[in-house]
Structure formats: structure tokens, C-alpha cells
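The values are calculated or read from the model by the stated rules, or taken from the named source; none is laboratory data. Keep in mind it's a predicted model, so treat the numbers as computed, not measured. Cβ placement follows ideal geometry from the backbone for every residue including glycine, while neighbour counts extend to all protein chains displayed.
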Amino acid sequence: MAQGRGSAVVATAVLCLLAVSLHCEVAEAATYVVGGRGGWSFNVSGWSRGKKFKAGDVLVFSYQKGAHNVVAVNKAGYDKCSTTPRNTKVYTSGKDRIRLVKGLNNFICTLPGHCGAGMKIQISAS
């Protein structure tokens, strides 16, 4: 009987360590409000300087609903301020939360003239 209790204690300890480990992974992800207090607006490209982003971090694009949008694009889309019609998700809530992937993450506003006027940002995540 003592052996059974010992096994249960070991199993409980292993489960607790696993739960703590999983919690630490989730806790490591950071949340950033793009543009800081000003939110997602024109000329935010310099906002990311000095920040170290990781895959899994969350960007919050905060703006007045209807005034802007957010679209994740590839490098060419970022450079040309354009989107590819297929598989393009347009975020429009004004409180958009987007999880970063490893590598270069590109975002633009697709309302006429906005991207060309500087409403775009590139984030590199390790």
C-alpha cells in the first residue's frame, strides 16, 4: 500500500511540474499595443525600434473602428502597399489582436492612401 501512495505522489509531482512548465511558456508571450498610446495610426514604423519581439507575442492594433483596418501581408505587399485577394484576412474591430510568427511580420492598412502615407509596420520576431 505504501508503494501505491508513493507512485501517486510521484505522478502528482510530475503533473504539477508539467502544469508549471506549460504556464511558464504562456507567461513568456508579451503583448504590445502598436503605436503605444497613439495606437495604430500613420507613421508608426519607428515604434518597434528597441523592442525584441518573439514568435507568439501578441500585437494589439487599437484604432477607431471604421477609420482603419489591419491586413497581414508578405514583403512584396508591404513594399507595394497591396494585398493578394486570396487568403487575405482583413481585421476591422478596432481592437485587433494578432499573434506574431517567427520571421518577418508585415502589416498595412488597406484604406485608400493610408499605407502610402505610412500606415504600415514590419516586425521581426525570433
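Brief remarks on what is shown
- Criterion applied to Leu15, Leu59, Leu22 was being outside any loop (DSSP other than H, G, I, E, B) and either acidic (Asp, Glu) or at pLDDT 95 or above (or both), and the one residue passing it is Leu59.
- Boolean, Ala72 is among the small types (Gly, Ala, Ser) and farther than 13 Å from Asn106 by Cα: no
- Neighbours by Cβ (under 6 Å, 6+ apart or cross-chain): first from segment 105-126, touching a residue at least 60 places away in the same chain (Cβ under 8 Å) and farther than 17 Å from His68 by Cβ; second hydrophobic (A, V, I, L, M, F, W, C) and in a loop (DSSP other than H, G, I, E, B): Ala125/Ala55; Ala125/Leu100
- Some residue of segment 85-98 being over 17 Å from Gln64 (Cα atoms), in contact (Cβ under 8 Å) with a residue 24 or more places away in the chain, within 15 Å of the chain's Cα centre (by Cα) and exposed (fewer than 12 other Cβ atoms within 10 Å of the Cβ): no
- Filtered residue count, segment 26-44, keeping only those that are β-branched (Val, Ile, Thr), modelled with pLDDT under 95 and part of a loop (DSSP other than H, G, I, E, B): 1
- Complete set of residues in segment 45-56 that are surrounded by 15 or more Cβ atoms within 10 Å (Cβ to Cβ), on the phi < 0 side of the Ramachandran plot and outside any strand (DSSP E or B): Trp47, Ser48
- Scoring Ala72 on the criteria (1) surrounded by 14 or more Cβ atoms within 10 Å (Cβ to Cβ); (2) not in a strand (DSSP E or B) leaves a single failure, condition (2).
Condition check ((1) part of a loop (DSSP other than H, G, I, E, B); (2) at pLDDT below 95; (3) among the aromatic types (Phe, Trp, Tyr)) across all residues:
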site: Pro85; (1), (2), (3): yes, yes, no
site: Ile98; (1), (2), (3): no, no, no
site: Asn105; (1), (2), (3): no, no, no
site: Thr110; (1), (2), (3): yes, no, no
site: His114; (1), (2), (3): yes, no, no
site: Ile121; (1), (2), (3): no, no, no
site: Ser124; (1), (2), (3): no, no, no
